[in-house]
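Here's the structure, in structure tokens; my notes come after.
The values are calculated or read from the model by the stated rules, or taken from the named source; none is laboratory data. Just so it is clear, the model here is predicted, and its values are computed rather than measured. With ideal geometry, Cβ positions are generated from the backbone for all residues, glycine too; neighbour counts draw on all protein chains shown. Please note that ligands, DNA and RNA were not included when accessible areas were found on the heavy atoms of the full protein model with its side chains. Shrake-Rupley method; radii C 1.70, N 1.55, O 1.52, S 1.80 Å.
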Amino acid sequence: MAYVGKDIPHDSAIGHVSGESIFIDDIPPARGELLCDFVGSPAAHGKLISVDIEEAKGVAGVVAVLVAKDIPGHNKFGPVVKDERLLVDDVAEFLGAPIVLIAAENRDALREAKKRVKVEMQPLKPIFSIDDAIAAKSFLGPQRVIARGDVEKAIGSSEYTLEGALEVGGQEHFYLESQAAIVYPGEHGAVIVHSSTQHPTEVQSIVAEVIGVPFNKVTVICKRMGGGFGGKETQAAQPAAMAALVATLTKRPARIVYNKDDDMRFTGKRHPFKSWYKVGFDKSGQITALSIDHYSNGGCTVDLSLAVLERAMLHTDNAYYLPNVRITGQVCKTNLPSNTAFRGFGGPQGVANIENIIEEIAIKLGKDSLEVRRCNLYGSEEIDPQIAQIHADSEEKNLRKSAQSADEISSRLETPYGQIVQNNTLPEIFEKLPATSDYEKRRQEIEQFNRRNRWQLRGMSMTPVKFGISFTKRTLNQANALVNIYTDGTVMVSTGGTEMGQGVNTRVRQIVADELGISYDAVIMSATNTDKNNNTSPTAASSGTDLNGAAAADACGRLRNRLAEFAADFVFNDGEAGIAASAENIAFEDGMVWDKRRPDHRMTFEQLVCRAYIERVNLGERGFYATPGVDFNRETGKGHPFLYYTNGAAVSEVLIDRLTGEMKVTRVDLLMDLGNMINPGIDRGQVVGGFIQGLGWVTTEELYYAANGELMSHSPTTYKIPNVGDLPPTFNVALLDNSNNTVSLKRSKAMGEPPLLLGISVWAAVKNALSYASEGEIPKLALPSTGERILMALTSYMKERVAESA
């Protein structure tokens, strides 16, 4: 049977619910193992004057108390720019920045030693907000620009214009397993690192640089993570480097596991954005020009902020054709922990801005926002009636006009950065989802409800997503895999992909089983390990299966061809009936191998493998895959950064209490184009989970900081992620039938990140609901739309009405 396309359970599902799955802190302590923790900066911005560690050294059970000067290699590190310090040696740039690293034999000693460290700092003026960073010209990296057309001229000649600003908040990753690592010292300065990381190669390189050894002396292993969401793409490296430093200097195993409070306080988040925009449009709602300036809060160091900003800019168009556009981006440097990758990687912030603009255009014109979205949609013939007529003429076989139509319609499928939107399913989604969700009928009901009800408000919005799949850094679009066949016919696969619950290992097993024609149960995945898979890319950008699955398929193809040649030459080539066997006629299916022209001549896969081994045929193979045709020029803002796009849309409806601001999501209808799914069950789970995480980001997940830069919302009691009660009672998820994505593995489409962006439909629905209360005035609503913000908006409208009546 074929396994690709089947609902195969996640390979860790039983282990997770039974408690048998092993995470970092489940690994039993080794003999002599030390526990690690650190003492951080008492100021968000300050110059280090002195550190007194003598009392801490004297605590019974404490083995090492280390400062920056004890590091044998490099103290500075970073994934792009080496501007981070493992231990502060001069200036601390965020509250809690590690200054002293302590290793002890038990947690009591560790806690006591931390109390006895004395740190003296000279306070410096901190910067926390985007506005303050702009005023101080505190930036990380250069301004980026993506543009086409004459924006100023087009806005100046537009029938209508709007301008404003949108604040988009950050988000805590809230993975269940905190940052964690265990390091075992080996011979000749080598170390073995068990890390909860999305990027073993980066952990390998940073650990090596910190302890002063070449990369080949550091082996990094990741069996699985208890969640990642981007938060372990770069920031798993620092705790691993701390443990490695202790292990190297003490020659004892070292373990570090952040508690939830420390993990939330000292690690980066989704980037907050503030964006200023000016848009021109006509009476139909069609956008004629857009100028938008994005500013992101990068925190204190670069990390991945430049790439996150870039993807936000690349997704500012979302699903809409913008004929004249200028998008700028700048990362602000502040005195917060360095913000980092998060599911969507800047895409959500870019999309939130254009969807906010669409909602405001609709309110300004007194139209339904769905109508405005339709006339701006990529591939929509409503964009220009003249183009639609040309297309109609082409249907009548007017070849000359058909060619003209193709050119003009193609130009209207071109993104601001010059990539053509191919295999465009957006128009089909916009045709089907409003119909299946009863959009028009519900809109009429909502308008009647809001006219009659004094105590509640309803709102609804449909927002799409067009999410580019590939790393925007060309180098990262590569993967390798190692496939070993054993003489009993079983197979071990190792790739650079890391499992964090998203099911990459299950999908790769399905692919390998089909490629070799064997049982799914005959294939297992090894833990991700840098000594098997070198120079790997992070498991991120929704490309884990695309890259690693393709590399594994390449290795399997080489093995299958080799075995087919062997079978043709040495197994089935007996000359009987004058038919000579050939490799192209050897079939592999259901654990059997046979000559397709002589079906009665067959043997099991295991038997063939044993014969091949006896004849000294290589039964192991390395596969490789590099995504073709992707590139992007950051200087010109032009290129082809994505292999393809994953599309979808969601209709969300909300109910708001006018007196309290309480908001409930009452219904969601979601439609995604995932191509030919490799594992429909797991893929559907990713769609639902991604949407719910997006729902949390746009509604309840607010990061609250004190005046000194301390994160106050650093636990489940103060940081509100969605729970079962927050889910819509009616939640319809449908998947589009589309087998045309020929450029990807098995014609599938990535789904890890795109569904999260559909959570924006809930925020847009809230804005729509408020527009009924504001009586034509455009509501100004930051993201997330917390109950407090909703109530404040409603209260302001009431005050305005009272003032007007007085």
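Details
- When PHE174, PHE731 are compared by accessible surface with a 1.4 Å probe, the order from highest to lowest is PHE731, PHE174.
- The stretch 553-634: GluC sites (Glu not before Pro) in DSSP coil with no more than 12 other Cβ atoms inside 10 Å: GLU615
- Ranking ASP25, ASP317 from most to least accessible surface, computed with a 1.4 Å probe over the protein chains only, gives ASP25, ASP317.
- Per-bin percent of Cα-Cα distances, the chain [20 Å]: 15, 44, 32, 9, 0, 0
- Simple point charges give the picture: +1 on the Cβ of Lys and Arg, -1 on the Cβ of Asp and Glu, and for the chain a dipole about the Cα centre of about 960 debye.
- Cα centroid separation, the stretch 252-278 to the stretch 628-674: 24 Å.
- For the pair ASP531 and HIS16, a Förster radius of 25 Å applied to the C-beta separation gives a FRET efficiency near 0.40, rounded to the nearest 0.05.
- Cβ-defined net charge surrounding VAL508, 13 Å radius [Lys, Arg +1; Asp, Glu -1]: -3
- If R0 is 51 Å, the Cβ-Cβ spacing of THR604 and GLU635 corresponds to a FRET efficiency of close to 0.35.
- Formal net charge of residues neighbouring LEU336 (Cβ-Cβ distance under 13 Å; K, R +1; D, E -1): -1
- THR636 contributes an accessible area of around 80 Å² to the protein surface, as traced by a 1.4 Å probe with all chains present.
- Dipole-positive endmost among MET677, TYR772, TYR704 within the stretch 662-784 (Cβ charges, Cα centre): MET677
- Neighbourhood net charge (9 Å Cβ-Cβ; Lys/Arg +1, Asp/Glu -1) for ILE446: 0
- Taking all protein chains into account, the per residue accessible area for the chain stands at 39 Å² (1.4 Å probe).
- The stretch 134-223 - share of DSSP beta bridges that are antiparallel (%, nearest 5): 55 percent
- Accessible area of VAL279 in the full protein assembly, 1.4 Å probe (Å², nearest 10): 0 Å²
- Extension gain from ALA2 to LYS367, taking 0.36 nm per residue of separation minus the Cα-Cα distance: 126.5 nm
- Accessible-area composition of the chain, carbon plus sulfur, in percent [1.4 Å probe]: 51 percent
- Residue ranges 57-69, 535-547, 289-301 sort as 535-547, 289-301, 57-69 when ordered by packing (mean number of other C-beta atoms within 10 Å per residue, highest first).
- Cleavage-rule hits (chymotrypsin sites (Phe, Trp or Tyr not before Pro)) in the stretch 417-474: DSSP loop, at most 14 neighbouring Cβ within 10 angstrom: TRP455
- 23 Å Cα-Cα reach of LYS749 towards lysines, excluding residues that sit fewer than 8 places from it in its own chain: LYS6, LYS432, LYS466, LYS473
- Cβ charges +1 (Lys, Arg) and -1 (Asp, Glu), total dipole of the stretch 48-90, debye: 200 debye
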